[in-house]
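Asker: The structure under discussion is supplied below as structure tokens; questions concerning it will follow.
The values are calculated or read from the model by the stated rules, or taken from the named source; none is laboratory data. Just so it is clear, the structure is predicted and the values come from calculations on it, not from any experiment. Glycine gets a Cβ as well: all are built from the backbone with ideal geometry, and neighbour counts include every protein chain shown. SASA here: full protein model, heavy atoms, side chains in, ligands and nucleic acids out. Shrake-Rupley method; radii C 1.70, N 1.55, O 1.52, S 1.80 Å.
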Amino acid sequence: MTGGHPTRGFVGRPRTHNPGLPPGQYDARDDWPVLSAEVTPELAPDDWTFRVDGLVAEPRTWTWDEARALPGSSYEGDIHCVTTWSKFGVRFGGVSLDVFLDAARPDPAATHVVAYSHTGYTTNLPLADVTGGKAWVAFTYEDAPLPAEHGGPARLLVPHLYFWKSAKWLAGLRLLDHDEPGFWEQNGYHARGNPWEEQRYAGD
Amino acid sequence: MSETFTPPTAFAVPGRIAVSNRAAATWQRAVLTEIRRETPRVSTFRFAVPGWQGHLPGQHLMLRLTAEDGYTAQRHYSLASPPDDSGHIELTLDHVEGGEVSGFLHTVARVGDAVEVRGPLSGFFAWPGDRPALLVGAGSGVVPLMSMLRHHRQRQLAVPLRLFVSARTREDLIYGDQYGDETTPVLTRESERRHLDTDHLAPCFTDGGPGWEAYVCGSNAFAEHASRLLVRLGQPVDRIRIERYG
């Protein structure tokens, strides 16, 4: 990234060329920090549901067993948190959001979604960022059940955006014809959150 | 369909205050004016930031260091100082082993050096001084809570405020000489050698308590532990705000 004014005596870590590292990020290696702002819910798979509604032809709710029976797919790659850590080469297993959206059949007027959690957490995304193989409902991490503090039993996974967009304890998606700021977005964070353009805060 | 969307769940975590997008987007020069040792591993760094627009207790900022070749490193840090500290801000930082930014500040930086900051950021963990505040922190997690305590004292607020702060030993207790009757230190490796538990917090919930807004700050393990205690004592989950140090 383009730096500011040099600070006397600051050298920084050795420069390793890492084309996978977005500007302003560092490699967290084995760490996977937990940064949720709310109490981690005790949510059993049997109590988990996932709903798609709003501007769709067929609003639908899936139970855990129904969602787990859908054709699965996985993501292997990197994730990037706005607090500046990135994590390389992680593997999540789940179901592509395309599978759920195809079943609910979005109205052509739908442009955005609000993803919401069983805790009440919300985050907004353009519909185009969660379709076309770019987003998942994730159930596993490194082939094990997703831990509760990381959003288990199921979280949204949108790895090409900052990770606050990947709502933990995912409860549903509502399709809208406009952008509706979510929890962090109302608290000053960027509406889209593309790490490669360093869209951390509103105004970036 | 242009209504405002409210999630159909019982646990909605409300936002707190509007954040100035301009302040969040602008890097400002911050000149180090003082370094104060707090504990063997922790120091407070005081900066002059003439254009600082003020903040609410509990907010944080992003601090950026730039090397001669343009390389940058940036981290989020909580503000330790209260809002009424015109043109100055204070950060209290752990010396993280191998920490690129905190390591520089602890071992290389000296008074007169300039860094850059942007903020204040995020309104969720902020406390404007309006509701009774139940503050629970561990280690350097006490830093944003100290901003709240300082604010409470400076403004002589009448609203109740209680602070529970966990540290390993008396020597590791940040701001150890600055606490009053509002604070209960919990030392895990000294005196009673106990972790924060229900009986520490229970007196705050006598007759249901005054309607606390709870703020929990510390490691993820501590935040999980403390937030569960609060829930067990009847604190509503939508009145618990958590900041976990990653």
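Asker: What pairs can you find where one residue is in the stretch B:225-246 and over 13 Å from residue B:137 (Cβ atoms), the other is aromatic (Phe, Trp, Tyr) and buried (at least 16 other Cβ atoms within 10 Å of the Cβ), and their Cβ atoms are less than 7 Å apart, with a gap of 6+ or different chains?
Answerer: B:233/B:205; B:234/B:205; B:235/B:212; B:237/B:11; B:238/B:11; B:239/B:212; B:246/A:85
Asker: Within the stretch B:1-53, track down each residue that is modelled with pLDDT under 95 and of a type in the set (Val, Ile, Thr).
Answerer: B:4, B:6, B:9, B:13, B:17, B:19, B:26
Asker: Taking the options B:104, B:125, name whichever one is in contact with a Gly (Cβ under 6 Å, 6 or more places away or on another chain) and either closer than 25 Å to residue B:178 by Cβ or within 14 Å of another protein chain (Cβ to nearest Cβ) (or both).
Answerer: B:125 is the lone residue from the list that is in contact with a Gly (Cβ under 6 Å, 6 or more places away or on another chain) and either closer than 25 Å to residue B:178 by Cβ or within 14 Å of another protein chain (Cβ to nearest Cβ) (or both).
Asker: Inside the stretch A:10-63, can you point out the residues that are more than 9 Å from chain B (Cβ to nearest Cβ) and at positive phi?
Answerer: Listed by number, the list holds a single entry, A:29.
Asker: Then there's this: If you check residue B:144 against the conditions, is it surrounded by 15 or more Cβ atoms within 10 Å (Cβ to Cβ) and either within 19 Å of residue A:36 (Cβ to Cβ) or in contact (Cβ under 8 Å) with a residue 60 or more places away in the chain (or both)?
Answerer: Yes; evaluated as a whole, the condition is true for this residue.
Asker: Test of understanding: among B:226, B:221, B:167, which residue is of a type in the set (Gly, Ala, Ser), open to solvent by 70 Å² or more (accessible area, probe 1.4 Å), modelled with pLDDT of 95 or more and within 23 Å of residue A:36 (Cα to Cα)?
Answerer: Going through B:226, B:221, B:167 in turn, the sole match is B:221.
Asker: Follow-up question, since we're still on this one. Among the residues of the stretch A:10-24, are any surrounded by 17 or more Cβ atoms within 10 Å (Cβ to Cβ) and among the β-branched types (Val, Ile, Thr)?
Answerer: Within the stretch A:10-24 (the criterion being surrounded by 17 or more Cβ atoms within 10 Å (Cβ to Cβ) and among the β-branched types (Val, Ile, Thr)), the answer is no, since none of the residues qualifies.
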